Amino acid sequence: MPNPGLELIVQRDQLAHIKTRIFALPDRESLAPGQVLLKVDHFAFTSNNVTYAAFGSAMKYWNFFPTEAGWGNIPVWGFADVLWSNVDGIAPGERFYGYYPMASHLVVTPSRVNPNGFSDSAAHRQEMHPLYNQYLRTTTDPAYQPDTEALQMLLRPLFITSLMIDDFLDDNQFFGAKHIIISSASSKTAYGLAFALSQRAARDYQIIGLTSESNRQFVTSLGIYDQVLRYEQCGQLDAGVASVYVDMAGSSSLRSAIHHHLLDRVVYSCAVGGTHWEDLGGGQHLPGARPSLFFAPAQIKKRLADWGPAGLQTRLAFAWQRLIQRMTDAQHPWLQVNYDYGAVASTQLLQKMFAGKVAAQEGHILSLSRSD
């Protein structure tokens with residue numbers, strides 16, 4: 001009989017209110033036919049997960065891993081090992097990368113099992129985009145390397161979003177913009193986008209990062225932004241230049257200030273993140289292009305049709321390798337990986353993250369199934 005499962009959940013309307021919940025796990029004999037019990041080894045928690053929580057109701061992120069009424073389990077990216085399996089083609093001990101709850105264990109109902117992995121066909125997950133229901137077998141995943149698991153958890157899903165924004169902008173000739181303005185410039189999705197934008201040899205636009213004073217030095221040190229401004233300096237943006245605004249912060253007051261300063265020179269404005277989750281708000285009745293929500297799976301779907309699965313995978317893998325080379329540069333490392341184990345340490349990290357007190361150069365890996 002396994003130990004009870006453990007999960008961290010947050011109050012949906014007060015995200016910084018966090019508690020531990022114990023839940024029952026099936027034993028080997030009571031695991032239903034067609035189900036697999038996974039032990040979640042470890043997972044990353046970044047500002048991207050804060051965004052999942054901030055948009056939990058609007059984007060149905062709370063639906064992936066239901067829990068107590070009024071509470072939510074924030075989805076995370078990580079690795080898990082098969083503890084018990086009642087599914088042909090999935091064996092105990094196999095390791096899978098994918099979308100997990102902040103928990104020690106997860107029961108899945110695999111379908112479309114193949115050498116690459118499987119999809120979770122649990123009924124409550126079918127309304128959401130299938131991309132989030134896929135689990136990749138580490139032994140056949142071309143992007144997997146055991147010694148870079150931490151970077152994969154911290155950056156891979158974020159960098160895919162970064163690349164899809166970069167690709168979408170290029171696909172639309174950058175809407176004629178000469179300035180690409182990115183808020184929350186220290187976040188991993190933001191600097192992944194800036195990195196991708198900076199790699200275009202023939203670019204004729206400037207990449208401008210907006211950040212806090214506490215993160216300004218870090219953002220500048222990355223060397224991928226042409227200009228770095230503090231949030232309160234957004235009035236210094238050149239109002240005569242056509243601009244794209246990529247909103248990673250989600251701050252309604254910052255969005256309003258930028259649109260009212262640049263007016264009709266905002267030629268495209270998209271919401272991606274919600275790192276400033278306490279200042280979220282709509283984008284109605286603002287001057288310039290009407291803000292829209294950027295949804296990476298939509299651009300992925302388009303490119304799957306254009307390039308095919310192999311073509312898309314090749315492009316993503318090439319870009320990923322370039323990023324990893326830059327991230328692990330011994331002279332100019334971008335990331336310091338930290339590990340926390342158990343409910344207490346994990347709760348403390350979440351509280352710091354929601355309070356905006358985690359240094360930009362830190363990447364955090366958590367585990368509720370390990371105690372070492």
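Apply the Karplus curve 6.51 cos²θ - 1.76 cosθ + 1.60, θ = phi - 60°, to the phi angles in the range 202-216 and return the couplings in whole Hz, x for Gly and Pro.
9, 5, 10, 10, 9, 9, 10, x, 10, 8, 7, 4, 5, 9, 4
Quick one: which residues, 5+ away or cross-chain, put their amide H under 5 Å from the amide H of ASP41? H built at 1.01 Å from N.
So ASP41 has HN proximity to PHE79, ALA80, ASP81.
So if R0 is 56 Å, what FRET efficiency would GLN348 and LYS302 give, r being the distance between their Cβ atoms, rounded to the nearest 0.05?
With R0 = 56 Å, the Cβ-Cβ based efficiency is 0.85.
Set the Förster radius R0 to 30 Å, insert the Cβ-Cβ distance between ALA257 and GLN11 as r into 1/(1 + (r/R0)^6), and round the FRET efficiency to 0.05.
That gives a FRET efficiency of 0.50.
Only four residue types carry charge here, +1 at the Cβ of Lys and Arg and -1 at the Cβ of Asp and Glu. Report the dipole size of the range 138-199 about the Cα centre in Debye, rounded to the nearest 20.
Using only the charged Cβ atoms, the result is roughly 240 debye.
Using unit Cβ charges (K, R positive; D, E negative) and no other charged atoms, how large, in debye to the nearest 20, is the dipole of the range 220-324 about its Cα centre?
Charge dipole of the range 220-324: 480 debye, to the nearest 20.
Name the residue, out of ILE74, ILE22, ILE90, whose mean-square fluctuation peaks in a Gaussian network model built on the chain with Cα pairs under 10 Å.
Most flexible of the set in this elastic network: ILE22.
Normalising by the residue count of the range 86-181, find the relative contact order in percent from Cα pairs under 8 Å and 6+ residues apart.
So the answer I get is 22 percent.
For the chain, with a Gaussian network of springs between Cα atoms less than 10 Å apart, report the residue from ARG28, ARG255, ARG156 with the top mean-square fluctuation.
ARG28
Which order do GLU127, GLU149 take when ranked by solvent-accessible area (1.4 Å probe, heavy atoms of all protein chains), largest first?
Output order, biggest surface exposure first: GLU127, GLU149.
Just to make sure I understand: if all protein chains stay in place, what is the order of GLU7, GLU68, GLU29 by accessible area at 1.4 Å, largest first?
GLU29, GLU68, GLU7
Tell me the per residue accessible area of the chain using a 1.4 Å probe; a whole number in Å² is fine.
43 Å²
Enumerate the lysines that LYS39 could reach by cross-link, defined here as Cα to Cα under 25 Å, with residues fewer than 8 away along the same chain left out.
Within reach: LYS19, LYS60.
Whole-Hz Karplus ³J(HN,Hα) for the range 82-98, in order, using 6.51 cos²θ - 1.76 cosθ + 1.60 and θ = phi - 60°, x for Gly and Pro?
Each residue's phi maps through the Karplus curve to give 6, 8, 9, 9, 10, 10, 5, x, 10, 10, x, x, 5, 10, 10, 9, x Hz.
List, in order, the whole-Hz ³J(HN,Hα) value for each residue of the range 10-24 obtained from phi through the Karplus relation with A = 6.51, B = -1.76, C = 1.60 and θ = phi - 60°; use x for Gly and Pro.
10, 6, 4, 9, 8, 4, 6, 8, 10, 9, 9, 10, 9, 9, 7
Gain in length, ALA69 to THR220, computed as 0.36 nm per residue apart minus the alpha-carbon separation, to one decimal in nm?
That works out to 50.0 nm of additional length.
Would you calculate the separation in nanometres between label points at ALA317 and HIS129, each defined as 7 Å from the Cα along the Cα-to-beta-carbon direction?
Calculated label separation equals 2.3 nm.
State the Cα centre-to-centre distance between the range 111-130 and the range 285-352 in whole Å.
Centre-to-centre distance over Cα atoms comes out at 22 Å.
Taking amide H positions as placed 1.01 Å from N in the peptide plane, with prolines and chain starts having none, which residues 5 or more places from VAL337, or on another chain, fall under 5 Å of its amide H?
GLY363
In the full protein assembly as shown, how much of PHE218 is accessible to a 1.4 Å probe, in Å² to the nearest 10?
30 Å²
How do 134-145, 101-112 rank on mean C-beta neighbours within 10 Å, highest first?
Ranking, from highest mean packing down: 101-112, 134-145.
Would you mind classifying the range 159-274 by shape? Square roots of the alpha carbon gyration tensor eigenvalues, ordered a ≥ b ≥ c; an a/c under 1.5 is rounded, otherwise it is prolate if a/b is larger than b/c and oblate if not.
In terms of gyration-tensor shape, rounded.
In nm, give the distance between the simple-model label positions of ASP88 and VAL113, each being 7 Å from the Cα along the Cα-to-Cβ direction.
0.8 nm
Of GLN299, GLN351, GLN173, which has the largest mean-square fluctuation in a 10 Å C-alpha GNM of the chain?
GLN173
In terms of modelled amide H atoms, which long-range or inter-chain residues lie less than 5 Å from the amide H of GLY117?
Counting only residues 5 or more places away or on other chains, the set is ARG137.
What is the calculated FRET efficiency for ARG21 to ASP204, with r their C-beta to C-beta distance and R₀ = 51 Å, to the nearest 0.05?
Given R0 = 51 Å and the Cβ-Cβ separation, E is 0.45.
If I compute solvent accessible area with a 1.4 Å probe over the protein chains, what percent of it on the chain is carbon and sulfur?
51 percent
Sticking with the crude label model, points 7 Å out along Cα→Cβ, report the distance from GLN236 to SER292 in nm, one decimal please.
3.2 nm
Counting Lys and Arg as +1 and Asp and Glu as -1, each charge on the Cβ, what is the dipole of the chain about the Cα centre in debye, to the nearest 20?
Taking the Cα centre of the chain as origin, the dipole is about 340 debye.
Need the C-alpha centroid separation for the range 73-110 versus the range 132-178, integer Å.
21 Å
Which whole-number percent is the relative contact order of the range 217-372 (Cα, under 8 Å, 6+ apart)?
16 percent
How do LYS301, LYS188 rank by accessible surface area computed with a 1.4 Å probe, from largest to smallest?
Ranking LYS301, LYS188 by accessible area, largest first, yields LYS301, LYS188.
For the charge dipole of the chain, defined by +1 on Lys and Arg C-beta atoms and -1 on Asp and Glu C-beta atoms about the Cα centroid, which residue among ASN338, ALA196, CYS270 has the Cα displaced farthest towards the positive pole?
CYS270
Quick one: divide the alpha-carbon radius of gyration of the chain by 2.2 N^0.38 Å and tell me what you get.
Here the Cα radius of gyration is 0.99 times the empirical estimate.
The values are calculated or read from the model by the stated rules, or taken from the named source; none is laboratory data. Just so it is clear, the model here is predicted, and its values are computed rather than measured. Positions of Cβ are generated from backbone atoms using ideal geometry, with glycine treated the same way; all protein chains shown enter the neighbour counts. Heads up: the accessible areas ignore ligands, DNA and RNA and are worked out on the full protein's heavy atoms, side chains in. Shrake-Rupley method; radii C 1.70, N 1.55, O 1.52, S 1.80 Å.
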